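Everything on this sheet refers to the single structure shown next.
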Amino acid sequence: MLQFLGALAGETLSLSFRPSREYRVWIVERPGTNLPAPALARLRQDCETVVRACLSGQSLDYGLFAEDGAAWDRSVITLVTRISDGRPVAFNAMPQLDVMRGGTADRVLHLGLVMVDPDERSGGLSWILYGLTCFALFLRQGLRPLWVSSVTQVPAVVGMVAETFSEVFPAQGATPQSFTHRHLAHQIMRRHRHTFGVGKDAGYDADRQVITAAYTGGSDNLKKTFAVAAKHRHADYNAYCERELDYARGDDVLQIGKIDLAAGQRFLSRSVPRSALPQLAVQAMMVLAGAVLAPLIQWLDPTRPYNRLRPRP
């Protein structure tokens with residue numbers, strides 16, 4: 001038991017499971033440093049396959065697909081493959097952004113690039129690509145709140161972020177901009193804008209957390225008109241985007257929020273299909289065991305060293 005829980009207590013996350021009969025999900029944290037070269041090459045190829053399907057054969061040259069390849073060392077990748085033929089159909093790349101919060105080093109999980117094969121967009125994958133990875137990382141760090149960020153001009157995504165996470169600004173009506181929102185957003189724009197393909201010449205409105213002329217840093221192929229951008233089922237989010245963003249110029253909104261116990265409960269009750277709950281419960285227990293139980297049991301074992309603690313002679 002000690003060895004099993006100790007294996008779960010690693011510093012990086014790696015999960016593979018089947019949420020349905022159609023798909024397999026693989027979540028891997030920082031694959032650039034944690035996967036052998038052949039597995040990393042296959043993962044990169046699978047993500048590129050999804051990009052080409054989404055962009056009619058075009059490619060991207062920022063984030064995961066930048067020439068330096070550095071994003072693979074700091075991102076969490078969620079890959080969805082079709083079980084019947086093994087074809088990759090969707091992925092999400094979430095960079096972990098280094099920031100300072102409360103005078104100490106911290107990380108913000110950026111919701112990052114989500115790509116879904118057009119033939120699979122009615123497959124109910126949004127709960128996997130947007131919420132599942134955040135929920136797994138929230139469990140892995142012992143249920144401590146995890147700050148997240150999102151940059152988008154798509155009303156459906158703006159609304160999804162506002163309804164999924166806690167204390168989201170902007171676009172979550174009851175949440176005003178706090179010092180933490182403003183401070184984290186400032187650091188992200190100053191140090192990490194290349195992560196989501198925003199060029200140095202893009203402007204930034206700190207009061208509204210809106211990036212102006214955002215599509216000049218490698219994300220040019222993702223620019224949309226308001227008419228084409230996917231709409232949210234609640235008209236308020238669509239109206240917000242149409243009012244606050246200049247789509248002809250290419251504006252984005254930078255949302256800051258967090259996943260906490262309340263957000264985790266909303267994710268489980270509203271987003272996860274009932275058919276996937278048993279599998280998700282098993283994986284959640286394993287991650288939580290690795291984050292909480294394994295360190296506790298290891299600490300209580302007087303015969304083995306644990307970090308700076310040494311066993312009695």
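The values are calculated or read from the model by the stated rules, or taken from the named source; none is laboratory data. This one's a predicted model, so the numbers in the text were calculated from it and none came from an experiment. Cβ atoms come from the backbone with ideal geometry, glycine included; neighbour counts cover every protein chain shown.
What number of residues within region 161-176 satisfy the criterion of being out of contact with any helix residue (DSSP H, G or I) (no Cβ under 6 Å at 6 or more places or on another chain) and of a type outside the set (Gly, Ala, Ser)?
Narrowing region 161-176 to residues out of contact with any helix residue (DSSP H, G or I) (no Cβ under 6 Å at 6 or more places or on another chain): 161-163, 167, 170, 173-176.
After this cut, where a residue has to be of a type outside the set (Gly, Ala, Ser) as well, the list is 161, 163, 167, 170, 175-176.
Number satisfying all stated conditions: 6.
Scan the helices (runs of 4 or more DSSP H) fully inside region 1-115 and keep the ones with 2 or more residues being in contact (Cβ under 8 Å) with a residue 24 or more places away in the chain, within 20 Å of LEU132 (Cα to Cα) and not polar (S, T, N, Q). Let's see the steps before the verdict.
Details: elements: 2-8, 31-34, 37-54.
Output list reads 37-54.
If you check LEU129 against the conditions, is it buried (at least 16 other Cβ atoms within 10 Å of the Cβ), touching a Gly at 6+ places or on another chain (Cβ under 8 Å) and either touching a residue at least 24 places away in the same chain (Cβ under 8 Å) or under 23 Å from PHE165 (Cβ atoms) (or both)? Talk me through it step by step, then tell me what you get.
Values: buried (at least 16 other Cβ atoms within 10 Å of the Cβ): yes; touching a Gly at 6+ places or on another chain (Cβ under 8 Å): no; either touching a residue at least 24 places away in the same chain (Cβ under 8 Å) or under 23 Å from PHE165 (Cβ atoms) (or both): yes.
Judged against the criteria, LEU129 is not a match.
Can you tell me how many residues within region 134-168 are farther than 22 Å from ARG193 by Cα, hydroxyl-bearing (Ser, Thr, Tyr) and within 13 Å of the chain's Cα centre (by Cα)?
Summing the residues that are farther than 22 Å from ARG193 by Cα, hydroxyl-bearing (Ser, Thr, Tyr) and within 13 Å of the chain's Cα centre (by Cα) in region 134-168 gives 1.
Only one of these conditions is not met by ALA229: (1) closer than 30 Å to GLN58 by Cβ; (2) at pLDDT below 90. Which number is it?
Failed condition: (2).
Return the residues of region 116-137 that are in contact with a helix residue (DSSP H, G or I) (Cβ under 6 Å, 6 or more places away or on another chain) and not in a helix (DSSP H, G or I); say none if nothing qualifies.
ASP117, the sole residue that qualifies.
Let me confirm something: among VAL76, VAL89, which residue is over 30 Å from ARG190 (Cα atoms), surrounded by 20 or more Cβ atoms within 10 Å (Cβ to Cβ) and modelled with pLDDT of 90 or more? Reasoning before the result, please.
Numbers: VAL76 fails: over 30 Å from ARG190 (Cα atoms).
When all the criteria are applied, what remains is VAL89.
Give the number of residues within region 150-203 that are basic (Lys, Arg) and surrounded by 16 or more Cβ atoms within 10 Å (Cβ to Cβ). Can you show your working first?
Let us first name the residues in region 150-203 that are basic (Lys, Arg), namely 182, 190-191, 193, 200.
Now narrow it down to the ones that are surrounded by 16 or more Cβ atoms within 10 Å (Cβ to Cβ): 193.
Adding up the residues that qualify gives 1.
Could you please let me know if GLN279 is among the polar types (S, T, N, Q), at pLDDT 75 or above, part of a helix (DSSP H, G or I) and surrounded by fewer than 17 Cβ atoms within 10 Å (Cβ to Cβ)? Full working, then the answer.
Values: among the polar types (S, T, N, Q): yes; at pLDDT 75 or above: no; part of a helix (DSSP H, G or I): yes; surrounded by fewer than 17 Cβ atoms within 10 Å (Cβ to Cβ): yes.
When the stated conditions are applied, GLN279 does not pass them.
(1) under 21 Å from the mean Cα position of the chain (by Cα); (2) of a type in the set (A, V, I, L, M, F, W, C); (3) exposed (fewer than 13 other Cβ atoms within 10 Å of the Cβ); (4) at pLDDT 95 or above: which one isn't true of LEU261, the others all being true?
(4)
Tell me, please, whether a residue that is more than 19 Å from TYR62 (Cα to Cα), outside any helix (DSSP H, G or I) and of a type outside the set (Ser, Thr, Tyr) can be found in region 177-200.
Checked region 177-200: at least one residue is more than 19 Å from TYR62 (Cα to Cα), outside any helix (DSSP H, G or I) and of a type outside the set (Ser, Thr, Tyr).
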